[in-house]
Structure formats: C-alpha cells, structure tokens
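The values are calculated or read from the model by the stated rules, or taken from the named source; none is laboratory data. As the structure is a computational prediction, the values presented were derived from the model and not from experiment. FYI the Cβ positions are ideal-geometry reconstructions off the backbone, even for glycines, and counts take in every protein chain you see. Just the protein is used for accessible areas: all its heavy atoms, side chains included, with ligands, DNA and RNA removed. Shrake-Rupley method; radii C 1.70, N 1.55, O 1.52, S 1.80 Å.
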Amino acid sequence: MVTYQHPPDEKQDLLNCCKVLAIALFGWLAVHIALLPFESGAFTPSNPDLDMNRNGSSLWDLETSKQRIVLIVGNNEVLQQNILQWTRAPHVLPSWAYPIPTREDLEALDYAAPPRYKSFDPLFATLRNDPFYYRPESTNNKMKPDVVESVVNLYKGKADSAWNSGKNLVIASAGARLDASALEKWIKTLPEGSSPEDVQVIVTYKSPRHQQLIQAWQTQQQQLGPNTKNTTLTEFVRTGQLKHHFDEMMNSLGSAEVFVKKGMQTIIIDEKGLQRERVDLSTAVGCLVLKVRCNTNGIVGDYHREVEPPKNVNGLDMSESKLKQIEKVLQDFDCGLFDILSKPSNVHFLYREALFRTCSALSRQITAKEAIRRIEAIAKSP
C-alpha cells in the first residue's frame, strides 16, 4: 500500500525559520542588554519615592555639570577603601580626587596619624581641636596651634591642587560630624573658587541606635591600643567617655541639621533600608552620587564588599533591658529633629526605612546633654 505524502509547505517552513531566528535574536539582545553597563543614573532605589522629601525635591535634581565636593559623614572603612581605590584608577572615577596627604606628610608635622590611616580624620580632629589623633598618650592636652595650622594647610594644599586641575573632590570621615563652629572652620579650607553651594553632604543613619553606642565603645577600645586597660560598656558610659564621643559617632542627624541650615544639599541614607534591599553603602554612594560605572545589579567590576564585622562581646556587660531603654532615649533624641529635617528642600532621603518611623510632628526635642544624662542614669541603675 502506497501512502500519499503531502508536498512540503514552503511558506510554513519559512515562517518556522523566521520564528526560530526571531527567538534567537531576542535572546541575544536580552543577554547583551543585561550585561551592558550604563550610566549610574539608571541605577535607582527599588522604591523610587524613597529619595523624595516632603517638598517633592529629588536627588536627581542635584545633577550638575559644575565641579562639586561630596562630603561623606560616618564611620565606614569599607566605603573609604573603595573611594581610595576608585579615585586612583583613572578608568573608574577619572574626574574625582580623594585628596589626602601621606602618613609621612603628617608625621613630618609631628602628628601621629591614626592606625590604618586613609581618611580625613586628622583634618576634622584638628578642626574640632580634638587631641586624640594628635598624640594618643596626651588626650588631656590641646593641640599646639602651629600643628593645627600645619595640618589644615597640608590638607587644603592637596584639595586646592586637585580642584585647580578640574577634579571633583570626595571627602570621607567619621569625624566630619561637625558643630556650627567647626563647620565654619571647614568651609575656610575649601578650595579657592568653590563655595558651600558646591558641596553635597552624605550622612548615614544607623539603626538600631544602641548598636552605635556599642560601636563607639568598641572603636574607643581599638584606638587606645593593646597596652591600655580596656573598659566595659558600662564604664565607658559612666565615666564620661560617652560625652566625648557622642557628637562624633552617635549624632549623625545633629550634623545633618548643621549642614542643612548652612544651605548645603544633604542626603541622608538609612542603612536599615539598604539592608532590606540588599544594597551595600558603597553601591548606593558609588552608583547614585559619584557615578561609578554601574548596571542594574550595581557596580561594574571589583570592589570591597561590606562584611558583617566580628562581634567582640568582651566587656559588653549591659543587659538587654538596659539596651532597650537606651534605644528609646536615642530614638526620642532623633525624633526631636523630625520636623527640622523633614521640611527643607535641600534634604533628600535614600532608602528610608527606620528613620523617624516612631516620630510625629509633636515629638519634643531633647538635647544631646539630656540624652547623655539619661543614658548615664540607665547605666548606673541596678
């Protein structure tokens, strides 16, 4: 029996062939578009309204072709490492400079650079007249005026040189949490031809807040060195050391207020929101502010990732109950700035999650002095 076969349908074959080619082309484009790096403005928070303040001003309104100075306030060594690496690699941030002197430059001025020196900490320590970074063994002495002037001039010379060559400047320091007086001193160190209007300030907000207390205590232990007797967390609070470190390490919003009142564009990044979105601080700052080369996944290329620091519990002698009480005091202190920081058009929030969540317009402001007094009372209680 002979089976009849239909002649081939040439049109159908051509159609099928076109479908296969179209699918292959679509797949090729999808892969290459996903891998194609684009300008960092395309990397945005997953929730776009997180960068908006109450007046509707957006971080993206800050785009400018002018030279600018970015001041990063906060204790983040990994971010500082990345900035140093990026600015020294011409293909990463060719238009930016991180103008710090060498350790040898500082030592030549009889100034003891802190361990693992790679930041602007010495500059801001001198502006605050904080002797700790000058000679750790002489914490009760004021720095000599000639040393202060020499250190300030050294940093200013580096900044002037970079600015005059057409570079943008990025400055990072935990010690950049300044009061109004120290801010005025810092403004005088800005390169000639620049002004506060050229400055963008980035402030990081950490939570839970009592973790900052623990971090301040642990940082102080590291700075004292191996030959100095360590103190417990309770001793750190009760002996007045908290008062010395409060503004520098625990009052980021207070610093933000100072910058905002001076008219500087101020960006507040809530690290709790970063954690929720699984974005590290280096990615947020690199992609959204400094314009490092990024794609939808973040920074393109190698960089230092944030890692959870090892928890040193030696001397952590406060109960969970006391830490919760301290958390409430610090949140009350932050809430005092709710109305001040939620209205101005030069304040921008990124990844807001925990910040001001427990506050209202009726929140009463308590001073830093009152917050410290309450925390000391909690530490001294049985």
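Structure data summary
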quantity	calculated
Residue list for the stretch 182-197, restricted to those being out of contact with any Phe, Trp or Tyr (no Cβ under 9 Å at 6 or more places or on another chain) and more than 20 Å from residue 341 (Cα to Cα)	184, 185, 187, 188, 195
The stretch 278-315: number of residues that are modelled with pLDDT of 80 or more and open to solvent by 60 Å² or more (accessible area, probe 1.4 Å)	2
Close pairs from the stretch 84-95: first in contact (Cβ under 8 Å) with a residue 40 or more places away in the chain, partner of a type in the set (Val, Ile, Thr) and surrounded by 11 or more Cβ atoms within 10 Å (Cβ to Cβ), Cβ under 7 Å, at least 6 apart	86/92; 86/292; 87/170; 92/292; 93/87; 93/292
Conditions (1) under 24 Å from residue 352 (Cβ atoms); (2) assigned to a loop (DSSP other than H, G, I, E, B); (3) among the hydroxyl-bearing types (Ser, Thr, Tyr): number failed by residue 255	(2)
Residue 117 vs. criteria in contact with a Pro (Cβ under 7 Å, 6 or more places away or on another chain) and open to solvent by less than 40 Å² (accessible area, probe 1.4 Å)	no
Pairs where the first residue, in the stretch 348-373, is among the charged types (D, E, K, R) and the second is open to solvent by 50 Å² or more (accessible area, probe 1.4 Å) and at pLDDT 85 or above, C-beta under 7 Å, 6+ apart	353/272; 353/276
Test: residue in the stretch 327-342 that is over 27 Å from residue 233 (Cα atoms), assigned to a loop (DSSP other than H, G, I, E, B) and at pLDDT below 80	no
Residue pairs meeting the criteria (Cβ under 8 Å; at least 6 apart or on separate chains; first closer than 11 Å to residue 189 by Cβ and modelled with pLDDT under 95, in the stretch 135-163; second outside any loop (DSSP other than H, G, I, E, B) and among the polar types (S, T, N, Q))	151/126; 152/126
Answer from 117, 111 - the residue that is of a type in the set (Phe, Trp, Tyr), closer than 20 Å to residue 177 by Cα and either without any contact (Cβ under 8 Å) to a residue 60 or more places away in the chain or not in a helix (DSSP H, G or I) (or both)	117
Within the stretch 57-72, considering residues that are at pLDDT below 90 and not in a loop (DSSP other than H, G, I, E, B), the one nearest to the chain's Cα centre (by Cα)	59
Answer residue from the stretch 175-191, given it is among the small types (Gly, Ala, Ser) and open to solvent by less than 10 Å² (accessible area, probe 1.4 Å) and is nearest to residue 203 (Cα to Cα) among those	176
Matching residues, the stretch 75-96, being open to solvent by 10 Å² or more (accessible area, probe 1.4 Å) and in a loop (DSSP other than H, G, I, E, B)	75, 76, 89, 90, 91, 92, 94, 95
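Residues checked against (1) of a type in the set (Lys, Arg); (2) modelled with pLDDT under 90; (3) open to solvent by 50 Å² or more (accessible area, probe 1.4 Å); (4) more than 19 Å from residue 208 (Cα to Cα):
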| position | (1), (2), (3), (4) |
| --- | --- |
| 230 | no, yes, yes, yes |
| 234 | no, no, no, no |
| 237 | no, no, no, no |
| 254 | no, yes, no, no |
| 259 | no, no, no, yes |
| 262 | yes, no, yes, yes |
